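The values are calculated or read from the model by the stated rules, or taken from the named source; none is laboratory data. The structure displayed is predicted, hence computed values, not measured ones. Cβ atoms come from the backbone with ideal geometry, glycine included; neighbour counts cover every protein chain shown.
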Amino acid sequence: MKEIIGYTDGSAVVVGKNKGKGGFGVYFPDFYGKPKGIKGRSNDTKTGAMELTALFYAIDAFDINGDPIKLIIYSDSQYVVKSFTENRLQKWEANGWRNSSGEVKNLDLWKKVLKQLEGRPWLTLEMRWIKGHQLDKERDEIRKSELLKDPHIVGNAMADILADYKT
């Protein structure tokens, strides 16, 4: 089974409960032999929705039924990652798409992601969490140069750049 690593990120500038401008980014350092980036924008969104939209497009990149693929997605969104790693999706679905706070947020997007996965039986998704914005926050140049040696930190930074709604 071929393993492909991808990085996803979503962002939005919101104030309080209001929606705002946002973007999503997907970065594959080796998408069948070459790097690939996917990005998009929204004028009326929140960060969680953009994080899920990024995952949707990462899965959507594999639209041709072929050899089995293990898609390993690194995301800095615990909301998205834990929904898979802690089986929250199965619990929400069994509970009528409700959680302890009421109706599951971004339900339409969750259903779209699940439909993408169901339509790709040759694709196995594995979600992994990565601490976000490590390069942005590091001020020490020596430490930053060490961080740049980690391909996952670089991949996360690339997805973050793509997710910037201003670019």
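Within segment 138-155, identify whether any single residue is on the phi > 0 side of the Ramachandran plot and not in a helix (DSSP H, G or I), and answer yes or no. Looking for residues that are on the phi > 0 side of the Ramachandran plot and not in a helix (DSSP H, G or I), one finds none in segment 138-155, hence no.
Checking each residue in segment 20-41 for being surrounded by fewer than 22 Cβ atoms within 10 Å (Cβ to Cβ), in contact (Cβ under 8 Å) with a residue 60 or more places away in the chain and either closer than 19 Å to Gly6 by Cβ or of a type in the set (Ser, Thr, Tyr) (or both) picks out Pro29, Gly37, Ile38, Lys39. Note on segment 45-75: among residues that are among the hydroxyl-bearing types (Ser, Thr, Tyr) and outside any helix (DSSP H, G or I), the one that is surrounded by the most Cβ atoms within 10 Å (Cβ to Cβ) is Ser75.
Of the candidates Glu126, Glu118, Glu146, Glu141, the single residue that is modelled with pLDDT of 95 or more, surrounded by fewer than 14 Cβ atoms within 10 Å (Cβ to Cβ) and either in contact with a His (Cβ under 9 Å, 6 or more places away or on another chain) or farther than 25 Å from Val14 by Cα (or both) is Glu126.
Being of a type in the set (Gly, Ala, Ser), free of Cβ contacts under 8 Å to residues at least 12 places away in the same chain and out of contact with any Lys or Arg (no Cβ under 6 Å at 6 or more places or on another chain) is a condition met by at least one residue of segment 142-157. Scanning segment 1-19 for residues that are surrounded by fewer than 19 Cβ atoms within 10 Å (Cβ to Cβ) and of a type in the set (S, T, N, Q) returns a single hit, Asn18.
Looking only at residues in segment 97-114 that are assigned to a helix (DSSP H, G or I) and not hydrophobic (A, V, I, L, M, F, W, C), which one is surrounded by the most Cβ atoms within 10 Å (Cβ to Cβ)? Please lay out each step first, then the result.
If we filter segment 97-114 for residues that are assigned to a helix (DSSP H, G or I), which is where we start, we get 107-114.
With the extra rule that they be not hydrophobic (A, V, I, L, M, F, W, C), the set shrinks to 108, 111-112.
On the way: Asp108: 9, Lys111: 13, Lys112: 17.
Filtering first and then ranking leaves Lys112.
Filtered by the rule that a residue be farther than 20 Å from Val26 by Cβ and in a loop (DSSP other than H, G, I, E, B), segment 77-96 gives Glu86, Asn87, Asn95, Gly96. Inside segment 132-167, residues that are under 19 Å from the mean Cα position of the chain (by Cα) and either under 19 Å from Leu55 (Cα atoms) or not charged (D, E, K, R) (or both) make up a count of 20.
Here Tyr165 meets each of (1) of a type outside the set (Val, Ile, Thr); (2) out of contact with any Lys or Arg (no Cβ under 7 Å at 6 or more places or on another chain); (3) surrounded by 15 or more Cβ atoms within 10 Å (Cβ to Cβ) with one exception, condition (2).
Taking each residue of segment 94-116 that is of a type outside the set (Ser, Thr, Tyr) and looking for partners that are in a strand (DSSP E or B) with beta-carbon atoms closer than 8 Å, six or more apart or interchain, yields Trp97/Glu103; Val104/Arg98.
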